[in-house]
Amino acid sequence: MKCSISSRARVCKSGFARLFAPSGGWAGERGWPHFRFPEFISNPPVGWQRTMKVSLVWSSPNPERTIAVAMRRCYSTKTIEDIEAELEQKGSEYWKYLLTKCLQDKSLDVLEHFTLSLLVEGMDEVDAGNLVRGFPYTRVSGLGADSWLVSLNSRTLVEMWREPKMKAFAESVVSELDRKQVCPVFNQAVFGGKPGAR
């Protein structure tokens, strides 16, 4: 799925200065910079803009079951094998129940067991830097030009979903996961519905 990313980075002479240039001036009593989040918007204003594309490269196998096992293992003395057998017997509706319970209890640490790597095309260096600063558990590697390998876990994806300025990017990731049928139970429980209905 494609969405638009607007870049309002200031023009600076050095690459380092360009990467860390604040757009909102200097904030804080000690003069720390106020960094902006990258802006991923569906209807960008008139001006320079890029088209961003998100493609799934890799994800944890059986992510819903992995998260469910992690949740059950916290409070059980059973072996991993026994827990896995129990979860398979109870089926995906029970996994969905556990995921919903996790969100209700705000126990998002178990979501970190589900990781994914994405190819993001059409994102500039400034926005890549701000992505990492805004979400420190994200890893970004440059592949040349405006292409990046972005690695994150599903807890970070949920946090992006809840951040208004990152919602469109998170929707692009979730739509790609839906398209690849990677984690339908997770997407339904955490994000709800189909991409177009969110």
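How many residues are small (Gly, Ala, Ser), closer than 30 Å to Arg73 by Cβ and touching a helix residue (DSSP H, G or I) at 6+ places or on another chain (Cβ under 7 Å) if we restrict to the stretch 87-131?
Residues that pass the stated criteria total 1.
Of all residues in the stretch 70-112, count the ones that are polar (S, T, N, Q) and either touching a strand residue (DSSP E or B) at 6+ places or on another chain (Cβ under 6 Å) or more than 22 Å from Phe191 (Cα to Cα) (or both).
Looking only at that region, the number is 4.
Taking the conditions exactly as written (in contact with an Asp or Glu (Cβ under 7 Å, 6 or more places away or on another chain) and either surrounded by 18 or more Cβ atoms within 10 Å (Cβ to Cβ) or among the β-branched types (Val, Ile, Thr) (or both)), does Met123 satisfy them or not?
yes
State whether one or more residues within the stretch 48-71 are in a loop (DSSP other than H, G, I, E, B), surrounded by 11 or more Cβ atoms within 10 Å (Cβ to Cβ) and at pLDDT below 75.
Scanning the stretch 48-71 turns up no residue that is in a loop (DSSP other than H, G, I, E, B), surrounded by 11 or more Cβ atoms within 10 Å (Cβ to Cβ) and at pLDDT below 75.
If a residue must be out of contact with any helix residue (DSSP H, G or I) (no Cβ under 7 Å at 6 or more places or on another chain) and either of a type in the set (Lys, Arg) or surrounded by 19 or more Cβ atoms within 10 Å (Cβ to Cβ) (or both), how many such residues does the stretch 169-181 contain?
Here the count works out to 4.
Given the conditions (1) surrounded by 20 or more Cβ atoms within 10 Å (Cβ to Cβ); (2) more than 14 Å from the chain's Cα centre (by Cα); (3) closer than 28 Å to Arg72 by Cα; (4) not small (Gly, Ala, Ser), and given that Leu152 satisfies all but one, which numbered condition is not satisfied?
(2)
Given (1) crowded, with 16+ Cβ neighbours inside 10 Å; (2) farther than 23 Å from Ala170 by Cα, where does Asp82 come up short, assuming only one miss?
Tallying (1) crowded, with 16+ Cβ neighbours inside 10 Å; (2) farther than 23 Å from Ala170 by Cα, Asp82 fails exactly one: (1).
I need the full set of residues from the stretch 85-116 which are closer than 20 Å to Val174 by Cα and aliphatic (A, V, I, L, M), in order please.
Result: Leu98, Leu99, Leu103, Leu108, Val110, Leu111, Leu116.
The values are calculated or read from the model by the stated rules, or taken from the named source; none is laboratory data. Predicted model only: the values in this text are computed from it and were never measured. Neighbour counts run over all protein chains shown; Cβ positions are idealised from the backbone, glycine included.
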